1. If a/c stays under 1.5 just call it rounded; otherwise compare a/b with b/c (prolate if a/b is bigger, oblate if not). Do that for segment 41-92, with a ≥ b ≥ c from the square roots of the Cα gyration tensor eigenvalues.
2. If the chain between GLU272 and LEU128 were fully stretched, how many nm would it gain, using 0.36 nm times the residue separation less the Cα-Cα distance?
3. Between PHE40 and GLN244, what is the FRET efficiency for a Förster distance of 30 Å, r being their Cβ-Cβ separation, to the nearest 0.05?
4. For Cα pairs less than 8 Å apart in space and 6+ apart in sequence, what is the mean separation divided by the residue count of the chain, i.e. the relative contact order in percent?
5. Could you give the length gained by full extension between TRP88 and ARG54, i.e. 0.36 nm per residue of separation minus their alpha carbon distance, to one decimal place?
6. By how many nm would the segment from VAL292 to ILE65 grow when fully extended, if each residue of separation counts as 0.36 nm and the alpha-carbon distance is taken off?
7. Please sort through the DSSP H helices of the chain and keep those with an alpha-carbon extent of at least 15 Å along the long axis and a Kyte-Doolittle average not below 0.0.
8. Once the dipole of the chain is set up with Lys and Arg at +1 and Asp and Glu at -1 on Cβ about the Cα centre, which of TRP35, VAL280, LEU305 lies farthest towards its positive end?
Amino acid sequence: MTTTGAETVIRPARAKTATAGATVRRKQGFQHGGWFVAPFLALFVLFIVWPLLRGVYLSFTDANISGEGASFVGLDNYREALNDSAMWDALGHSAYFTLLVVPCITVMAFLLAMLAHHIERGKWLWRLCFFVPFLLPSTVAANMWQWLFTQGIGLFNHTLGIDTPWLTDKSYAMLAIVIQTLWWTVGFSFLLYLAALQGIPGHLYEAAKLDGANAWHRVVHITLPMLRNITGLVIALQVLASLQLFDQAVVMMDFSPGPELSTRSFVQYTLEQGFTSYRVGYASAMSIIFFVIIAAVALARMWLLRNREEGGR
């Protein structure tokens, strides 16, 4: 087939017209969409970006809680923080809490989701019971378990027939907070696992049954691999949330750092420096250090996930 000169001229003209039209539509779409995004961007800048920039600035000053008479001190706050043994102890408490909570809550959420997914009678009731605790405010959940763990009158000791000083002994205080946190927050991870289980195609299990695979083999070779991504998400979210331990620890310990400072988390120590010792500049420096730690954990998770996806291709 031969192409005439007229067709050669018309086709580029049509292509240019189509490209110009698409560009105009994109610009119009951006202009219209920008009005919908603008309120969110304004709130994001006001409550996220500006406080972050303000905190970075204050971390280089000796500002107090009144905000008056602040002077520039350079990196002195960061040097002091990195040499502050109390800060490292508080960070160690947060890390210890995270190491206890994350594996337990991941396994519990998976098992509860498997139970709620396969049970036949009263399925809605099981799902409701597993998820409802997550809807409770942190102070309500913490006060409930504070009473349960109270020595002498607490229901927890009466049920087990023991007299353990859960909230007054440093050997048990953090464990009590871990137990309360598992009961209170497992519902969120349970819901993620339950949604992922419902998305696994049923024909995979049917084919495995025809091949003679028992229930254990189906879980190991089908369920767990299919839930790999959601498991990574659950672990990442729980790590980030657990490192920010504050509410339940403060309320259960009656707003104290616990017996022999055994439950004082990094966030609690930062607030003590800012609002008890009135050292806003020093507290800001600690906050920036903690922000870097949290960001490093999130980036490490993204890097591991990307490498795993690339390795699976």
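All of the numbers you see were taken from the coordinates with simple rules; none came from a lab. As the structure is a computational prediction, the values presented were derived from the model and not from experiment. Please note: Cβ atoms are built from the backbone with ideal geometry, for glycine as well, and neighbour counts cover all protein chains shown.
1. Numbers: a/c = 2.56, a/b = 1.43, b/c = 1.79.
Since a/c reaches 1.5 but b/c is at least a/b, the shape of segment 41-92 is classed as oblate.
2. Values: separation 144, 0.36 × 144 = 51.84 nm, distance 3.79 nm.
Full extension of this stretch gives 48.1 nm more.
3. On the way: r = 23 Å, r/R0 = 0.77.
Computed FRET efficiency for PHE40 and GLN244: 0.80.
4. Values: 300 pairs, mean separation 85.8, N = 313.
Dividing the mean separation by the residue count of the chain yields 27 percent.
5. Values: separation 34, 0.36 × 34 = 12.24 nm, distance 2.44 nm.
The TRP88-ARG54 span can extend by a further 9.8 nm.
6. On the way: separation 227, 0.36 × 227 = 81.72 nm, distance 2.35 nm.
Length gained between VAL292 and ILE65: 79.4 nm.
7. Details: long enough: 5-44 (57 Å, 0.05); 85-118 (50 Å, 1.30); 138-149 (16 Å, 0.50); 170-198 (42 Å, 1.25); 228-243 (23 Å, 1.43); 280-312 (48 Å, 1.01).
Flagged H segments are 5-44, 85-118, 138-149, 170-198, 228-243, 280-312.
8. Farthest along the dipole direction, towards plus: TRP35.
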